[in-house]
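Down below is the structure, laid out as structure tokens.
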Amino acid sequence: MTALLTTFLLVGIAEMADKTQLLTLCLTCRYPARKVLLGVTLAIAALNLAAVLVGGLAGELLPVRPIKIAAGLLFVAFGLWTLRGAGNDPGGAGACETGAPERSNRSAVLAVAAAFLVAEVGDKTQLATLSLAARFGSFVAVWLGASLGMLLANALAVGCGSLLGNRLRTSTLAKISALLFIAFGLWTLADAFL
């Protein structure tokens, strides 16, 4: 129980205001909240399972720097693409659920899961999960605690994204989202080279 509670608290707190939590908020303004939550849940479960199973060897097995560079470039490109389409506002509020084009459940969920996976590789919460798994040796408790902590933090981001989307114009949200994606991309690139 100590491993579960400790991991839940440490990882949940570490995820607050993290780039992946902000990414989740942005994705909620692009896709329906339920699809974002499902995609994020799948990504969190997979990432934490990998972190717990691989343990301390993950840093040696995964080429973190090239992944961060690719992620940074993808975020900048996605931000520019979003910014380019920001002027095509149909004029209404409610951008998160009603203004976003309806896509297939699978493609939206997979897009969210992929974006989250790429953004989270080598992140502090993943490294914390690796360390906690090595420390406690209780893989199921650490996986569950880390997954629940990250899920709670990102569920809050989905809720905030939904609230913002129902109060702001689509073009305003698109511009904010685009600028955040570009900032995440530049932040990720800087982190890869420092």
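The values are calculated or read from the model by the stated rules, or taken from the named source; none is laboratory data. Just so it is clear, the structure is predicted and the values come from calculations on it, not from any experiment. With ideal geometry, Cβ positions are generated from the backbone for all residues, glycine too; neighbour counts draw on all protein chains shown.
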The one condition in (1) surrounded by fewer than 23 Cβ atoms within 10 Å (Cβ to Cβ); (2) at pLDDT below 80; (3) over 16 Å from Cys29 (Cα atoms) that Gly87 fails to fulfil: (3)
Quick check on this structure: which one of Ala183, Ala174, Ala155, Ala192 is among the aliphatic types (A, V, I, L, M) and either touching a Cys at 6+ places or on another chain (Cβ under 6 Å) or modelled with pLDDT under 75 (or both)? Ala174
Could you go through segment 90-98 and let me know if any residue there is at pLDDT 70 or above, crowded, with 17+ Cβ neighbours inside 10 Å and assigned to a helix (DSSP H, G or I). no
Identify, from the list Phe139, Phe116, the residue that is at pLDDT 75 or above and in contact with a Ser or Thr (Cβ under 8 Å, 6 or more places away or on another chain). Phe116
For residues that are crowded, with 22+ Cβ neighbours inside 10 Å and modelled with pLDDT of 80 or more, scanning just segment 38-82, find the one that is farthest from Ser171 (Cα to Cα). Val52
Matching residues, segment 177-187, being under 10 Å from Val76 (Cα atoms) and crowded, with 18+ Cβ neighbours inside 10 Å: Ala178, Leu180, Phe181, Ile182, Phe184, Gly185
Filter result (among the polar types (S, T, N, Q) and closer than 30 Å to Arg34 by Cβ) within segment 113-139: Thr125, Gln126, Thr129
Could you say which residue among Ser162, Ser131 is closer than 27 Å to Phe78 by Cα, of a type in the set (S, T, N, Q) and part of a helix (DSSP H, G or I)? Ser162
If I filter segment 3-11 for residues that are buried (at least 20 other Cβ atoms within 10 Å of the Cβ) and under 11 Å from the mean Cα position of the chain (by Cα), do I get at least one hit? no
Of all residues in segment 1-45, which are touching a residue at least 40 places away in the same chain (Cβ under 8 Å) and not in a helix (DSSP H, G or I)? Met1, Met16, Asp18, Cys29, Arg30, Tyr31, Pro32
